Amino acid sequence: MARSKPSKQLSQAEIECFLTAAEAQHLSIVKPFISPHCDHYRQTRVLHEALLKTVREVTGKEVEFIRWNTTGPVRPSTAG
């Protein structure tokens, strides 16, 4: 039985599946309402940053499902 060569990158379908899973992981990280002064909060922030960095590296673009500033999600400008 011959072995096939592994791909050097994910297919578009695999990237879409990865993004779906990453979004679910993102929601599970940010959903709990815990004090920002506790260890669990700090550790989930570390995990969240790693997740967002990985999504950027895999897709080559900014994360579509989350863009934050200091007040919440950033809405695209509608002014032209």
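For a quick check of understanding: with a 1.4 angstrom probe and all protein chains in place, what accessible area in square angstrom does CYS38 have, to the nearest ten?
Per-residue accessible area (CYS38): approximately 40 Å².
Hey, if we sort GLU57, GLU14 by accessible area with the 1.4 Å probe, largest down, what's the order?
GLU57, GLU14
The values are calculated or read from the model by the stated rules, or taken from the named source; none is laboratory data. What you see is a predicted model, and the numbers here were worked out from it, not measured in a lab. Side chains included, ligands, DNA and RNA excluded: accessible areas come from the protein's heavy atoms. Shrake-Rupley method; radii C 1.70, N 1.55, O 1.52, S 1.80 Å.
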